[in-house]
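Read the structure below first, then the notes.
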């Protein structure tokens, strides 16, 4: 999600923490997690106000916030669900090369360590999901033990269910109590919107 910010006229958010180090960078990245970009929120759901950050893992580059901005959209990881753990400890070359990126099993565009180019999308750009509306449980969590794992952290988080979904599960309309953190979906009565790899946006059943 961070990588698309410059294309959404949110380059100022994308640049937060860049060039800094230590506590200054950590503070800037903490402010980034709380900076809304309204286009990442569906008008049929909640507004751009900050929501509780309920993720339980420590963050590598900043302190865990109490509140964060969350998106209603997620990149498509493909039809094979991958689990990557916490990821590398930092963005140094040594840490990145030591992390077990699951390239061989990935079938979508967005996954940990992805370097997918348009030429790599052999099924055709107009047939390939790039980004879609994600399913979000309607009942708001009261605490970490009750959280929706697909909507518990932040829009600008690393590889996580908050910003990446799989097509292994069918898309769903939002429901009050159902947990489906890996599914696409929406609150619309009969459709959910998908951005395809050719740049077109279509409503899907």
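Things worth noting here:
- Only listed residue being surrounded by 13 or more Cβ atoms within 10 Å (Cβ to Cβ) and more than 19 Å from the chain's Cα centre (by Cα), chosen from 59, 67, 96, 82: 96
- If you go through the range 6-56 and pick out every residue that is at pLDDT below 90 and buried (at least 17 other Cβ atoms within 10 Å of the Cβ), you end up with 1.
- Residue pairs whose Cβ atoms lie under 6 Å apart, separated by 6 or more positions or on different chains, with the first residue in the range 5-26 and under 17 Å from residue 59 (Cα atoms) and the second in a loop (DSSP other than H, G, I, E, B) and modelled with pLDDT under 90, are 25/17.
- Residues located in the range 108-125, provided they are at pLDDT 90 or above and farther than 22 Å from residue 184 by Cα: 117, 118, 119, 120, 122
The values are calculated or read from the model by the stated rules, or taken from the named source; none is laboratory data. These figures come from a predicted structure and were not determined experimentally. Backbone-built Cβ (ideal geometry, glycine too); neighbour counts: all protein chains shown.
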